[in-house]
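A quick write-up on the structure given underneath.
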Amino acid sequence: MTAVEGEYVWSAPGATSERPRHDPAAEIDRLRRLHQLLALDTAADEIYDRLTRLAAGIFSAPIALVSLIDADRQWFKSRVGLEATETPRAWAFCDHAIAMGPRAVLVVEDATLDPRFCGNPLVTGEPQIRFYAGATLTTYDGQNLGALCVIDTVARAQPSATDLASLRDLADIVVAQLELNVRHRQAHEREVLLELAEAVAGVAHWRFDLADGRVTWSDALYEICGVTRDSFELNYENVLGTYHPDDRPLLNAKVERAIKFGENYDVRLRIIRPDGALRHMTARAVCQVDEAGVVRALAGVFQDITEHVETRQRIEASEARYRLLAENATDLVTALDHRGRFTYVSPISTSMIGYPADQLLGQFALRFVHWDDRAALRAALARAGAGEPSAKLEYRLICADGRALWVESRPTLVRAPQSGEIVGVTDVIRDMTQNKANETALIVARRQAEAASASKGEFLSNMSHELRTPLTSILGFCKLLTLEPGLSTVAHKHLGRIAAGGAVLLATINDILDFSALDAHQLELQCEPTDAAALTEDMIGLLSTQARSKGLELSLAVDDALPTLVAIDPQRLRQLLLNLVGNAVRFTPSGSVQVRLSYTDGDRLQVQVIDTGIGVQPDRLDRLFQRFTQVDASPRRVHGGSGLGLAICKGLVELMGGDIGVESRFGEGSRFWFDVPAPPSTQAAALCPLSDRMALRSGHR
């Protein structure tokens, strides 16, 4: 023998004995039965050891074993006089015993003379087996699991029939114990599952023995009642005391009738826990009777249904509130079944459509919808049934007096919780007749306003043209008068003031015409290759005299990335520069005004006008770029103007597909900027005219 991990196993080499033959199908069933007992490779058990010692004593044998035959080994559940825990199945004498059939006994008087065993390593080597007697471990269904055997190292004569019968009886006891262990294990597993089921379902079991008055509870029942085994003495009086005082007479009467007449009961009761919490219970009991039909005990289950009861109470309260709201709401609340028939209609139906609620119940809802609107309503419900979100619907209801009532609703499908099948529709219907009338009136008013606005714009444009024509003549004749010889100094001065006033008036009229064209979306852009830097320099030159008169430094900075020619409307670019740079010069008493030209994103011209002027207060920045609005609108303002310049700039930039903005610090200066598309001139032919593309981007057509 050699030691392996603290146990002794047989490992002696040598010749193998002739193995018995087993039917393959029967062997599969035998092994399945063996493994069902869960005895292999388990710890030592005193019960089996006692039986093994008893067998050894009966035969005065030095070795006795409880041997279980696995697929390829024999494993010893109990052993006396042997240190090994298992051997190969090919060496096992017990393998020959189980091949003999159910409840057989194998006796080998001298193994050295038996051709089956004379070459067995257990015979030729340690422990030098000579005598063997083994009774098969046969289950009730005839499966041989192994054997209870006694072994000696000297040959023996045939044992007496009495001794062999005793060995047979001991083998049967071993099998009975194996089966009993299985039943104990299964009972324990069922108990664990029962406790788990009770914990999950809030169910507990109990028993009341009438003979001695003993009451037994499961652990779950202690937990439900809020008591412990140590603190609560189980007897009928104490158990009855856990119930609500109003429910005790009912329970007592049920128990008495069960004892007297054998009636099972199922009743709903309330218990009061030691902490004062009220729990709702369902108690079910069955009578256990003896052979004479006399009730000997009551057994049953408790189920804690508190959450169910409280949930039901909340639902009923919610339904009551819902019904109260529905019955007092000014909107019509309805519920339909899966066929589209009314199952609930709020009382407002009488005043809204002239039908009392009780007359509508059971009626098909579509019957009261205007014929022209039914198809759209059906289609909307079909889309909702297909999973689309419910949408607001507008349709007409036919009232009892024949009127068509415009309503608005958002029907909601009701689905079965488990299957998801549509079982109904709920809806809240609102009278929209007045809203429809208001909507119609609003459409008419808007059309009238648009017509008035168009007339106003046309009038303003015509008047501006009518004013500009004579004003141009006045300025022309004023210019001619200044050329007349012999005019006095005073006359020259008066003519200069007339020309200056006329120029301001002409600029205002031009602004009005431009703004009117922008407002009517009639202004078109004329794109052509333009030297933006040269154009800007020319505009600065026009304003340089005004800047020098105030001592301002007026400068231009051009980005090297700016192409020589870009595709842009030069007239509108000149107008933008004139407005922004002119404003900067006008509102800058000292310091400088700088114009910066940059080129970004490969096709956008950015213009910045930065000054050191008076700036704009933060709370007035939002007034910039608004029509007819000035930051300083007081009568004492120093700087004039119509308030249209920046609004026109904003309109022009948006028309060109760009953006415009301002940053300012009051008393320190401002930075006005805009950027517009301006591709290099090589792309100009492909992009002209720009007005269509830019108008689309800015929302104009």
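Before moving on, here are some points about what is shown:
- Counting other Cβ atoms within 10 Å as a rough exposure proxy, the listed residues Y140, Y265 run Y140, Y265 from fewest neighbours to most.
- Each residue, V255 and V286, gets one label point 7 Å from its Cα in the Cβ direction; the gap between the two is 2.1 nm.
- Amide H contacts of D659 (H built 1.01 Å from N, in plane; Pro and chain starts excluded): D675 sit under 5 Å, all sequence-distant by 5 or more or on other chains.
- Between H22 and R183, the distance separating the two model label sites (each 7 Å from Cα on the Cα→Cβ line) works out to 2.7 nm.
- Residue by residue, region 205-217 carries 3J(HN,Hα) couplings of 10, 8, 8, 10, 8, 6, 5, 10, x, 6, 10, 10, 10 Hz when phi is fed to the Karplus relation 6.51 cos²θ - 1.76 cosθ + 1.60 (θ = phi - 60°); x denotes Gly or Pro.
- The lysines within cross-link reach of K436, meaning a Cα-to-Cα straight distance under 30 Å and a gap of 8 or more places when in the same chain, are K392, K456.
- Of all aspartates and glutamates in the structure, the ones whose alpha carbon falls short of 16 Å from that of K77, not counting any fewer than 8 places away in one chain, are E7, D41, D45, E46, D49, E86, D95, D172, E179.
- Label positions at S351 and E394, each projected 7 Å from the Cα along the C-beta direction, are separated by 2.5 nm.
- Cut-off 11 Å (backbone N to label point 7 Å along Cα→Cβ of Q36), residues of region 61-94: none
- Taking a sphere under 12 Å around the Cβ of G226 and counting the other residues whose Cβ falls inside, with K and R at +1 and D and E at -1, yields a net charge of -1.
- Between amide H atoms placed 1.01 Å from N, distances below 5 Å from S78 occur with V66, all of them 5 or more places distant or on a separate chain.
- Contour excess over end-to-end distance, with Cα ends at D275 and A416 and 0.36 nm allotted per residue: 46.8 nm
- For region 91-99, Karplus couplings with θ = phi - 60° (6.51, -1.76, 1.60), whole Hz, Gly/Pro x: 8, 6, 4, 4, 5, 6, 5, 5, 6
- Extension gain for A386-Q617 works out to 77.4 nm (0.36 nm per residue, less the C-alpha to C-alpha distance).
- Aspartates and glutamates whose Cα lies under 13 Å from that of K254, excluding same-chain neighbours fewer than 8 positions away: E263, D266
- Residue order, fewest to most surrounding Cβ atoms within 10 angstrom, among D560, D95: D560, D95
- From the alpha carbon centroid of region 340-382 to that of region 33-97 is 85 Å.
- Per-residue Cβ neighbour counts within 10 Å put I28, I272 in the sequence I28, I272, beginning with the fewest.
- Prolate/oblate/rounded call for region 346-431, Cα gyration tensor, a/c under 1.5 rounded: prolate
- Under 5 Å, built H, 5+ apart or other chain: amide partners of R604: A678
- Shape category assigned to region 2-185 from the gyration tensor of Cα positions, a/c cut at 1.5: rounded
- For H308 and A376, a Förster radius of 41 Å and the Cβ-Cβ distance give a FRET efficiency of 0.40, rounded to the nearest 0.05.
- Calculated SAXS-style log₁₀ I(q)/I(0) at q = 0.18, 0.23 Å⁻¹ - region 19-109, Debye, Cα scatterers: -0.90, -1.38
- Estimated from the Cβ-Cβ distance and a Förster radius of 41 angstrom, the FRET efficiency linking A43 and S160 is about 0.70.
- Note on region 203-310: Cα-only Rg and Dmax are 13.6, 44 Å.
Just so you know, all these numbers are worked out from the coordinates, no wet-lab data involved. All figures in this text were calculated on a predicted structure; none of them were measured in a lab. Quick reminder, even Gly has a Cβ in these numbers, built from the backbone with ideal geometry, and neighbours come from all protein chains shown.
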